[in-house]
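These notes are about the structure you will find just below.
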Amino acid sequence: MNPVTDWDEIDTVLLDMDGTILDLAFDNYFWLEYMPQVFAEKNAISLDESRKFLSESYGELKGKLQWYCLDFWSEKLNLDIPALKKDLGHMVAFRPGAVEFLEFLSDKKKSVYLATNAHRKTLEIKMLNADFNQYFCELTSSHDFGHPKEEQEYWHLLREKFPFDPQRTLFIDDSVTVLESAKRFGIKHLYGILVPDSRKGPINSSPFESIASFEEWIANEK
């Protein structure tokens, strides 16, 4: 099921990047499959040991700004993370219907901003393989504000930079935790993504409604 939205009630659209307009399969593969192999080879340990160490390291920082910081992980793991990501850049891909949705928003004359937790270096790598700059008023990273989207400080600083009305703003993100943070801030129109990773099945975005298909949503509005 896809949401029904009165676009006359919306002036500003905030969009997440990974798992929303881009397929999360790239990031999940990189951090959960590729990195354990690389780290195991570099440190002459077993793949199981590598997975255990990385899983524990990720878990300690999940939802914090460092978790999204490529410089932090490069230093911690003694690896050139941006270079490793570039090596797999060909795997970066749009989610189905994402470009059409961005064009739809452009036709609707909405103010559209990218609101991602991704590090600026990650954003640059994604842009090399999936150009979407032309659809946004501005591309923002939570690193610009010193706080991830999970924290209320992020939203206050974002609104200081772009004075949007939360009650007339649409925000789409594949993370329930981030959507809950946006709700606490007062953003009215909130939606999750049913299938952020094309290699996996649907996820539960409850209590938020999920977008199953950008194409069907657009079709319903025409």
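Looking only at the range 154-202, which residues are of a type in the set (A, V, I, L, M) and surrounded by 20 or more Cβ atoms within 10 Å (Cβ to Cβ)? Scanning the range 154-202 gives Leu158, Leu170, Ile172, Val178, Leu179, Ala182, Ile187, Leu190, Ile193, Val195. The single condition among (1) modelled with pLDDT of 95 or more; (2) surrounded by fewer than 18 Cβ atoms within 10 Å (Cβ to Cβ); (3) outside the structural domain of Glu151 (by TED's automatic domain parsing) that Val99 does not satisfy is (3). You will find that of Ile125, Ile81, the residue that is of a type in the set (A, V, I, L, M), closer than 25 Å to Glu150 by Cα and over 17 Å from the mean Cα position of the chain (by Cα) is Ile81 and no other.
Going residue by residue through the range 142-162, is there one that turns out to be modelled with pLDDT of 95 or more, in a strand (DSSP E or B) and under 15 Å from the mean Cα position of the chain (by Cα)? Within the range 142-162, not a single residue is modelled with pLDDT of 95 or more, in a strand (DSSP E or B) and under 15 Å from the mean Cα position of the chain (by Cα).
Flag: Pro148 does not match the condition of being without any contact (Cβ under 8 Å) to a residue 12 or more places away in the chain and touching a Ser or Thr at 6+ places or on another chain (Cβ under 9 Å).
The values are calculated or read from the model by the stated rules, or taken from the named source; none is laboratory data. All of these numbers come straight from a predicted model, not from anything done at the bench. When we count neighbours, we look across all protein chains shown, and the Cβ atoms used for this are built from the backbone with ideal geometry, even at glycine.
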